[in-house]
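The values are calculated or read from the model by the stated rules, or taken from the named source; none is laboratory data. From a predicted model like this one, the values you see are computed outputs, not experimental measurements. Counting neighbours? That spans all protein chains shown, and the Cβs are built from the backbone with ideal geometry, glycine included. These area figures cover heavy atoms from the full protein model, side chains too; ligands, DNA and RNA do not enter into them. Shrake-Rupley method; radii C 1.70, N 1.55, O 1.52, S 1.80 Å.
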Protein chains: 2
Amino acid sequence: MQTSRLKNIRNNDRLIYGRGCLSMLGDIIKDKRELNNKYVVYVIDDYFINKPLVAKLPIESNDQIHYVDVNQYEPKTEQIDNLRDTILQKSGLPAIIVGIGGGSAMDIAKATSVMLTNPGPSSDYQGLNLAKIPGVYSIGIPTVSGTGAECSTTAVLTGPIKKLGIKCDYTPFNQIVLDPDLIATVPKNQWFYTGMDTFIHDMESSSGMFYNTFSAAYGDQSIELCYDVFLREGCGQNEINDEKLMVASLFGGLSLTYSEVGVCHALSYGLSYVFGTRHGYANCLAFNHLEEYYGNAVSDFKKMVELHDIDLPQNQSENWTEDEIHRMAEISYNLPHMWHHALGPDWENKISIPQIMDLFRRM
Amino acid sequence: MQTSRLKNIRNNDRLIYGRGCLSMLGDIIKDKRELNNKYVVYVIDDYFINKPLVAKLPIESNDQIHYVDVNQYEPKTEQIDNLRDTILQKSGLPAIIVGIGGGSAMDIAKATSVMLTNPGPSSDYQGLNLAKIPGVYSIGIPTVSGTGAECSTTAVLTGPIKKLGIKCDYTPFNQIVLDPDLIATVPKNQWFYTGMDTFIHDMESSSGMFYNTFSAAYGDQSIELCYDVFLREGCGQNEINDEKLMVASLFGGLSLTYSEVGVCHALSYGLSYVFGTRHGYANCLAFNHLEEYYGNAVSDFKKMVELHDIDLPQNQSENWTEDEIHRMAEISYNLPHMWHHALGPDWENKISIPQIMDLFRRM
């Protein structure tokens with residue numbers, strides 16, 4: 001195990017965990033809503049339009065609700081810029097931004113928080129430590145678990161030329177609200193695809209060179225929880241497993257703070273960039289064919305797919321053109337931090353665009 | 001497993017982990033030292049007087065160094081008040097306070113940070129959320145692992161009438177620096193007593209009613225790491241175990257954020273209050289005789305004591321007067337949150353001062 005590169009991690013300032021803790025949102029918001037123009041922006045997955053969840057939120061008359069469509073595409077830089085402009089034009093700088101939903105809603109809220117105070121297009125901030133001004137106070141409330149976006153220091157965006165996160169001191173949520181009740185009704189396929197994002201994070205974190213004892217402690221425990229939720233006796237969607245999956249997602253994200261994702265995420269980014277494939281699903285499509293990188297974890301993954309009767313189509317590549325496969329491979333190849341972690345500092349000698357194209361052809 | 005009481009946890013704002021990360025302290029401090037009267041207070045365990053560690057610190061000419069004697073007694077409220085007054089009289093409000101040492105040095109730094117800005121004696125703030133003004137920016141650098149003081153929301157103090165922590169939003173360190181190199185030279189007995197504080201935290205956390213899935217995830221992983229460090233093949237003081245013990249301590253502390261300590265800590269507080277017994281050692285004296293509360297963990301503890309040839313005297317109570325035993329039992333009994341967690345809401349029907357006196361007579 002190599003000693004990590006040294007990184008000074010910015011934690012979420014505050015964390016609340018437990019069944020029913022959404023009910024504390026009003027108290028959490030109360031003191032903070034006196035800032036700036038004294039109103040709250042809610043960024044909510046449009047799945048929740050006319051759902052009971054919205055009625056439970058402490059929304060006041062001058063607050064803004066923005067429902068976001070995250071079904072078709074992953075968050076785009078243009079979408080963030082438009083949302084920022086709409087918010088500011090309507091009521092000026094808000095006191096608080098709250099993100100409610102899965103990883104996409106989390107990332108939209110995190111990115112918008114930063115872009116409300118930093119000038120110019122969000123594509124200018126894709127990279128490390130490019131934003132210089134603290135964002136608006138941000139609160140993350142996940143309603144599906146697995147992405148780790150609730151604790152990660154990155155807001156992943158697809159821009160005009162790349163899929164890459166805004167990663168800076170101001171990206172992490174100031175407050176996260178982890179209420180296992182909120183993930184109880186996630187449809188089974190989505191529960192699985194998103195949950196597997198954590199399992200894959202853990203496997204990628206532990207199989208690369210930036211792994212250290214800190215990452216291992218979080219990753220090992222996250223793996224244990226994933227096996228409880230997805231493979232061991234008593235697995236499946238139920239109350240205790242919802243509690244465990246919510247913690248597994250958090251721990252998987254925290255494992256990555258010192259480590260990195262690897263081959264699977266590099267491929268998944270290619271899929272999402274070219275076809276807009278949703279992140280968790282794209283990970284599953286790729287991971288299913290990566291035995292030589294992740295060994296037994298892939299056979300365990302296949303058992304989980306079968307056990308929960310999950311839709312996971314094969315032979316997708318039959319419908320892809322050579323040009324599409326080449327574009328995906330280029331996007332994947334241009335994620336050096338992932339390949340470096342997975343394959344070592346001489347990764348360029350170990351993987352090439354044609355080899356990556358072959359990996360895509362398996363899918 | 002009972003769903004937790006809901007608590008909104010204040011995290012350390014920042015965390016850095018890894019061998020050699022102490023070398024980043026200068027960069028960490030640089031931006032912050034422009035606050036208030038633009039100097040840094042170092043609170044350092046006096047063990048480090050004339051040791052190489054001090055030469056590695058980025059101390060500037062107007063900074064203050066205060067060595068603290070933590071060998072004889074645990075931190076006292078009077079000591080905090082005197083330190084606060086000395087600091088302020090000499091140079092006014094500092095920009096930063098840095099605590100370097102074990103749990104006592106950590107707690108002195110945390111408490112002094114709060115008392116530099118909150119008026120009156122620190123004994124007025126022993127309890128929950130009594131301090132109303134944010135403290136001075138605080139940095140914790142543990143040099144012995146196990147107490148969890150680096151991440152806990154409490155600064156434990158012995159006052160004129162009780163041993164009880166200052167526990168509020170402003171107690172946790174803003175920044176923690178976890179460098180496993182710093183614990184490499186801890187003398188064996190202290191390594192063990194302090195490390196066992198974590199093992200006992202984990203056992204107390206998991207055996208009481210406030211335990212939840214969040215606490216379990218941290219506690220279970222901390223227990224695994226403790227077994228690696230203290231009992232399994234490859235155990236003992238070495239590089240990888242120093243890395244693990246540092247994470248075990250952090251996770252043990254984080255497990256307690258939702259849970260609580262129990263019977264062992266209640267007895268240990270009595271010992272420390274009456275005799276000034278150091279906390280980790282007091283825990284070991286008590287835990288050794290608490291099979292009926294902690295089952296196999298106590299037999300594992302005994303194996304660890306034997307394996308590492310640790311000094312753990314027996315029959316201490318032969319030298320204690322009935323009055324001393326009674327005073328210890330009273331101090332212990334007056335920690336209702338610990339007994340409530342350990343024995344349930346009807347704890348007063350399950351334990352009495354005479355019964356606690358019997359527990360002390362075993363030691």
Fill in: Rel. contact order, % - alpha carbon contacts under 8 angstrom, at least six apart, chain B
17
Item to complete: Amide H neighbours of B:Ile65 under 5 Å, at least 5 residues apart or on other chains, H built in the peptide plane: list them.
Response: B:Tyr42
Item to complete: Of the DSSP beta bridges with both residues in chain B, give the percent that are antiparallel, rounding to the nearest 5.
Response: 15
Practice prompt. Subtracting the Cα-Cα distance from 0.36 nm times the residue separation, let me have the gained length for A:Asn296 to A:Ser61 in nm, one decimal.
Written response: 79.3 nm
Worksheet entry | 7 Å along Cα→Cβ, label-point gaps from B:Tyr73 to other copies, nm, shortest first | 6.8
Practice prompt. Could you please state how large a percent of the accessible area of the protein assembly as shown is carbon and sulfur, counting protein chains only and using a 1.4 Å probe?
Written response: 49
Discussion item. Taking θ = phi - 60°, what integer Hz values does the Karplus form 6.51 cos²θ - 1.76 cosθ + 1.60 yield along region A:88-95, in sequence order, with x for Gly and Pro?
Written reply: 5, 5, 6, 9, x, 5, x, 7
Response to the item:
Computed curve, region B:1-51, Cα-only Debye sum without solvent term, log₁₀ I(q)/I(0) at 0.19, 0.27 Å⁻¹, is -0.94, -1.19
Worksheet item: Which parts of region B:1-43 would a label at A:His337 reach, counting a residue when its backbone N lies under 19 Å from a point 7 Å out along Cα-to-Cβ?
Response: B:14-18
Fill in: Integer Hz, Karplus 6.51/-1.76/1.60 couplings in order for region A:332-343, x for Gly and Pro
4, 4, 7, 10, x, 5, 6, 5, 4, 4, 6, 10
Worksheet item: Taking amide H positions as placed 1.01 Å from N in the peptide plane, with prolines and chain starts having none, which residues 5 or more places from B:Ile176, or on another chain, fall under 5 Å of its amide H?
Response: B:Arg14, B:Leu15, B:Ile16, B:Gly140
Worksheet item: In nm, what does the list of distances from B:Glu306 to its counterparts in the other copies look like, shortest first, when each label sits 7 Å along Cα to Cβ?
Response: 4.6
Fill in: Derived scalar couplings ³J(HN,Hα) [region B:37-49; Karplus, 6.51 cos²θ - 1.76 cosθ + 1.60; whole Hz; x for Gly, Pro]
8, 6, 9, 10, 9, 9, 9, 10, 3, 5, 3, 8, 4
Item to complete: Identify the residues of region B:43-76 with backbone N under 16 Å of a label point that sits 7 angstrom from the Cα of B:Thr86 along the Cα-to-Cβ direction, or state none.
Response: B:43-50, B:63-76
Worksheet, complete the sentence: Averaged over the residues of A:246-257, the number of partner chain Cβ atoms within 10 Å of each residue's own Cβ comes to 2
Worksheet entry | For region A:1-63 and region B:72-113, distance of Cα centres in Å | 35
Item to complete: Using a Gaussian network model of chain A whose springs link C-alpha atoms within less than 10 Å, name the residue from A:Tyr47, A:Tyr258, A:Tyr281 with the highest mean-square fluctuation.
Response: A:Tyr47
Practice prompt. Taking every pair of alpha-carbon atoms in region A:14-183, give the share separated by more than 25 Å as a whole percent.
Written response: 23
Worksheet, complete the sentence: Between A:Leu307 and A:Phe275, Cβ-based FRET efficiency (R0 25 Å, step 0.05) works out to 0.35
Fill in: Estimated FRET transfer efficiency (A:Lys188, A:Lys51; beta-carbon r; R0 22 Å; 0.05)
0.75
Fill in: region A:257-345 - convex hull of the alpha-carbon atoms, volume per residue in Å³
116
Worksheet item: Among A:Lys30/A:Lys76; B:Lys56/B:Lys76; A:Lys30/A:Lys132; A:Lys110/A:Lys350; A:Lys76/B:Lys7; B:Lys110/B:Lys132, which pairs are too far apart, with a Cα-Cα distance over 24 Å?
Response: A:Lys30/A:Lys76; B:Lys56/B:Lys76; A:Lys30/A:Lys132; A:Lys110/A:Lys350; A:Lys76/B:Lys7
Fill in: Relative compactness, chain B, computed as alpha-carbon Rg over 2.2 N^0.38 Å
0.95
Worksheet item: Tell me, in nm to one decimal, what length is gained between B:Arg361 and B:Glu330 on full extension, where the rule is 0.36 nm per residue of separation less the Cα-Cα distance?
Response: 9.7 nm
Practice prompt. Give me the accessible area buried between chains A and B, both sides summed, with a 1.4 Å probe, in Å² rounded to the nearest 100.
Written response: 3100
Worksheet item: Check B:Ser152: other-chain or 5+ apart residues with amide H under 5 Å from its amide H, H built from backbone geometry?
Response: none
Worksheet item: What order do you get for A:173-182, B:9-18 when each peptide is scored by the mean count of other beta carbon atoms within 10 Å, highest first?
Response: A:173-182, B:9-18
Worksheet item: Averaged over all directions, how much area does the convex hull of the C-alpha atoms of region B:188-361 cover when projected, in nm²?
Response: 9.3
Discussion item. What is the ratio of the Cα radius of gyration of the protein assembly as shown to 2.2 N^0.38 Å, with N the residue count, to two decimals?
Written reply: 0.97
Worksheet item: Put a point 7 Å out from Cα along the line to Cβ at A:Leu231; what are the distances to that point in the other copies, in nm, shortest first?
Response: 2.6
